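Participant: If you scroll down you'll find the structure; I have some questions about it.
The values are calculated or read from the model by the stated rules, or taken from the named source; none is laboratory data. Just so it is clear, the structure is predicted and the values come from calculations on it, not from any experiment. Backbone-built Cβ (ideal geometry, glycine too); neighbour counts: all protein chains shown. The area values use the complete protein model at the heavy-atom level, side chains included, leaving out ligands, DNA and RNA. Shrake-Rupley method; radii C 1.70, N 1.55, O 1.52, S 1.80 Å.
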2 protein chains.
Amino acid sequence: MRIKLLVSYDGTSYCGWQVQPNAVTVQEKIEQAIFQVTGEKVRVTGSGRTDAGVHALGQVAHFDTNSSIPPEKFFLALNIHLPDDIKVIKSELAEPDFHATRDAVKKTYRYSTYVSQSILPLRDRYAVQVEKMPDIKKMKETALILLGEHDFKCMSASGGGAKTTVRTIYSIDIIEKDGQIDFYICGNGFLYNMVRIMVGTLLKVGSGKIKKEDVIKMLSTGKRSLGGKTLSAKGLTLMKVEY
Amino acid sequence: MRIKLLVSYDGTSYCGWQVQPNAVTVQEKIEQAIFQVTGEKVRVTGSGRTDAGVHALGQVAHFDTNSSIPPEKFFLALNIHLPDDIKVIKSELAEPDFHATRDAVKKTYRYSTYVSQSILPLRDRYAVQVEKMPDIKKMKETALILLGEHDFKCMSASGGGAKTTVRTIYSIDIIEKDGQIDFYICGNGFLYNMVRIMVGTLLKVGSGKIKKEDVIKMLSTGKRSLGGKTLSAKGLTLMKVEY
């Protein structure tokens with residue numbers, strides 16, 4: 001039977017989702033837990049990779065097993081063998097042809113920042129410091145340009161290996177509260193470093209260093225160099241995958 | 001001149017506030033930073049100790065210096081030499097007789113818990129898992145008993161060295177949101193482990209294992225054994241000290 005997992009992790013200590021030699025990854029830890037529970041060596045397939053240091057509230061994955069453990073109880077058995085910074089929140093029986101990567105239609109990421117002259121130790125693990133309050137209105141206006149289907153080559157790092165750099169962004173919500181600014185970005189898929197470059201570019205607009213017109217130009221010319229910097233992985237969280 | 005500091009720290013990696021042999025503490029780290037900035041070996045006096053693993057959003061401390069750095073700029077110089085999990089948020093000139101411990105009149109602590117069948121990796125650093133939703137109404141009713149001046153011997157661990165076990169609690173706010181339950185407790189001072197035992201006891205009432213009447217009895221008899229367990233340090237944060 002095929003089992004679908006909802007997984008959450010604090011990515012700080014991991015080299016991302018995907019198994020790789022000489023590095024500890026989330027996928028590997030979950031595969032090890034399944035082995036300890038079932039004795040089966042299986043591949044766990046996630047909705048997509050997350051990079052080193054990126055967190056997840058709602059990563060989705062699937063795997064096949066012959067175990068007799070009821071699917072909806074599986075997460076409890078796996079959690080016994082998982083470290084506290086990786087836990088399965090829910091497990092359920094999936095259709096035999098359900099595929100966590102191929103069937104994903106929407107993903108939502110959150111990028112968190114906080115505005116402060118000094119690092120704030122209790123926020124800094126999951127958010128990135130911004131020294132001056134950016135112009136939220138300007139960022140929201142610029143975000144509208146990014147909605148819809150575009151070639152996002154200008155907002156991706158090389159090495160992602162994607163066949164096409166065209167993606168659709170369904171929504172960008174920028175929410176400011178108590179000195180924290182959260183960017184919620186929902187799309188049909190994301191290129192390598194895309195959210196981190198997108199938010200870095202919006203913040204550059206918010207700080208007045210570039211204008212909305214520069215972002216329009218960035219999209220039309222495909223020039224990465226016009227945009228903002230690639231922000232740190234620690235502010236990024238995969239919130240939700242929809243099927 | 002005397003300088004007053006507002007300090008925030010993630011206590012996870014520290015053996016609490018107070019300098020002690022063979023252990024890394026927050027006080028020590030700040031004294032080292034002052035030495036690196038001024039060349040002066042000084043004692044930094046905090047509003048009180050926080051235990052190993054306890055966090056602070058607004059710890060207050062003072063120290064004396066002959067440095068010519070403007071008091072309100074001092075925090076920037078100190079932060080250069082402090083690790084990312086300890087930062088000074090604000091510095092200012094204090095009256096020569098200001099004393100961070102003796103002059104404190106009110107302290108507010110927050111104890112954070114979340115309700116979930118499994119550990120939630122993105123909440124678990126600063127909050128403690130509770131498996132079943134407690135009865136919030138019962139906890140709020142019981143909290144009213146704790147308000148005002150009482151002998152809180154029954155809610156303290158030995159080893160605190162306090163002269164009296166009488167303290168005044170000004171307010172207890174229990175706020176539930178998105179599966180997280182935060183307890184905000186404000187008082188004129190707290191005994192060793194007092195907040196952690198108090199919240200442990202309220203949760204025991206919330207789970208139905210003891211009743212409001214048992215807490216009344218606990219206070220009147222001074223019996224620690226009637227209460228709930230001493231909760232983990234990681235859920236506790238010193239929010240504010242008032243003078």
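Participant: Past the 26 Å Cα-Cα mark, which pairs from B:140/B:229; A:137/B:87; B:41/B:87; A:87/A:153; A:240/B:209?
Facilitator: Going by Cα-Cα distance, A:137/B:87; A:87/A:153; A:240/B:209 fall outside the 26 Å limit.
Participant: Quick one: if you stick a label point 7 Å off each Cα along the C-beta vector at residue A:176 and residue A:162, how many nm between them?
Facilitator: 2.9
Participant: Can you pull the one-decimal nm distance between simple spin-label points at residue B:22 and residue A:80, each 7 Å off the Cα toward Cβ?
Facilitator: Between residue B:22 and residue A:80, the simple spin-label model gives 3.7 nm.
Participant: How big is the charge dipole of the protein assembly as shown about its Cα centre, in debye rounded to the nearest 20, if each Lys and Arg gets +1 on its Cβ and each Asp and Glu gets -1 on its Cβ? Provide the component values of the computation, followed by the final result.
Facilitator: Values: 68 positive and 52 negative charges, 34 e Å.
Taking the Cα centre of the protein assembly as shown as origin, the dipole is about 160 debye.
Participant: Now, a different point. Order B:242, B:131 by their accessible area, 1.4 angstrom probe, all chains in place, largest first.
Facilitator: The ranking, largest first, comes out as B:131, B:242.
Participant: While we're looking at this one, here's another question. What number does the stretch B:180-243 give for Rg over Rh if you use C-alpha atoms and the Kirkwood radius?
Facilitator: Details: Rg = 12.5 Å, Rh = 12.8 Å.
Rg/Rh for the stretch B:180-243 comes to 0.98.
Participant: Of the listed peptides B:228-238, B:32-42, what is their order by residue-averaged count of other C-beta atoms within 10 Å, with the highest listed first?
Facilitator: B:228-238, B:32-42
Participant: Express the relative contact order of the stretch B:144-243 as a whole percentage, based on alpha carbon pairs under 8 Å and six or more residues apart in sequence. Write down the numbers at each step before the final one.
Facilitator: Working: 141 pairs, mean separation 29.2, N = 100.
Worked out over the stretch B:144-243, it gives 29 percent.
Participant: Now for a different question. Note the distances from residue A:243 to each other copy's matching label point, with points 7 Å along the Cα-to-beta-carbon direction, in nm, sorted shortest first.
Facilitator: 5.8
Participant: Related question: What is the projected area of the convex hull of the Cα atoms of the stretch B:1-159, averaged over all directions, in nm²?
Facilitator: Over all viewing directions, the stretch B:1-159 projects a mean Cα-hull area of 12.1 nm².
Participant: Before I look further, what does chain A give for accessible area per residue, probe 1.4 Å, in whole square angstrom?
Facilitator: That works out to 47 Å² for each residue.
Participant: Straight-line reach from residue A:90: which aspartates and glutamates have a Cα under 14 Å away, not including same-chain ones fewer than 8 places off?
Facilitator: The qualifying aspartates and glutamates are A:72.
Participant: Among the DSSP beta bridges whose two residues both lie in chain A, what percent are antiparallel, rounded to the nearest 5?
Facilitator: Expressed as a percentage, antiparallel bridges in chain A total about 90.
Participant: Let me ask something else about it. Mind grabbing the accessible area of residue B:123 for me, 1.4 Å probe, Å², rounded to tens?
Facilitator: 80
Participant: Return a whole-number percent for the relative contact order of the stretch B:1-86, with Cα pairs under 8 Å and 6 or more residues apart as the contact set.
Facilitator: 42
Participant: Nearest the rotation axis from B to A, which residue of chain B has its beta carbon, and at what whole-angstrom distance?
Facilitator: For chain B, the closest residue to the axis carrying it onto A is B:125, 3.
Participant: Determine the gain in length on full extension of the stretch residue A:92-residue A:209; use 0.36 nm per residue of separation and subtract their C-alpha separation, reporting nm with one decimal.
Facilitator: Once the chain is fully extended between residue A:92 and residue A:209, it gains 37.3 nm.
Participant: With a bin width of 5 angstrom, please list the P(r) values of the stretch A:97-190 as percents of all Cα-Cα pairs, from the 0 bin to the one holding the largest distance.
Facilitator: 2, 11, 18, 19, 18, 15, 10, 5, 1, 0, 0
Participant: Give me, ordered by chain and number, the residues 5 or more places off residue B:106 or on other chains with an amide H under 5 Å from its own placed amide H.
Facilitator: Excluding prolines and chain starts, which carry no amide H, the hits are B:242.
Participant: 7 Å from Cα along Cα→Cβ at both residue B:67 and residue B:225: what's the point-to-point distance in nm?
Facilitator: 5.3
Participant: Find how much the distance from residue A:49 to residue A:32 grows on full extension, using 0.36 nm per residue of separation minus their present alpha carbon separation; answer in nm with one decimal.
Facilitator: Stretched out fully, the residue A:49 to residue A:32 stretch lengthens by 4.3 nm.
Participant: In percent, what relative contact order does the stretch B:48-148 have, based on Cα pairs under 8 Å that are 6 or more apart in sequence?
Facilitator: For the stretch B:48-148, the relative contact order is 19 percent.
Participant: How many angstrom lie between the Cα centre of the stretch B:205-243 and the Cα centre of the stretch B:1-79?
Facilitator: 30
Participant: Right, something else. How shielded is B:111-122 by partner chains, expressed as the average number of their Cβ atoms within 10 Å of its Cβ atoms?
Facilitator: 5
Participant: Oh, and also: I need the shape label for the stretch B:35-101. Rule: rounded when a/c is under 1.5, else prolate if a/b > b/c, else oblate, with a, b, c from the alpha carbon gyration tensor.
Facilitator: oblate
Participant: How much of residue B:105 can a 1.4 Å solvent probe reach, expressed as accessible area in Å² and rounded to 10?
Facilitator: Accessible area, nearest 10 Å²: 80 Å².
Participant: How many partner chain Cβ atoms sit within 10 Å of a residue's Cβ in peptide A:1-8, on average, as a whole number?
Facilitator: Other-chain Cβ atoms within 10 Å of each residue's Cβ, averaged: 1.
Participant: Take the Cα atoms of the stretch B:129-243, build their convex hull, and give its volume per residue in Å³.
Facilitator: Spelled out: Cα convex hull of the stretch B:129-243, divided by residues, is 107 Å³.
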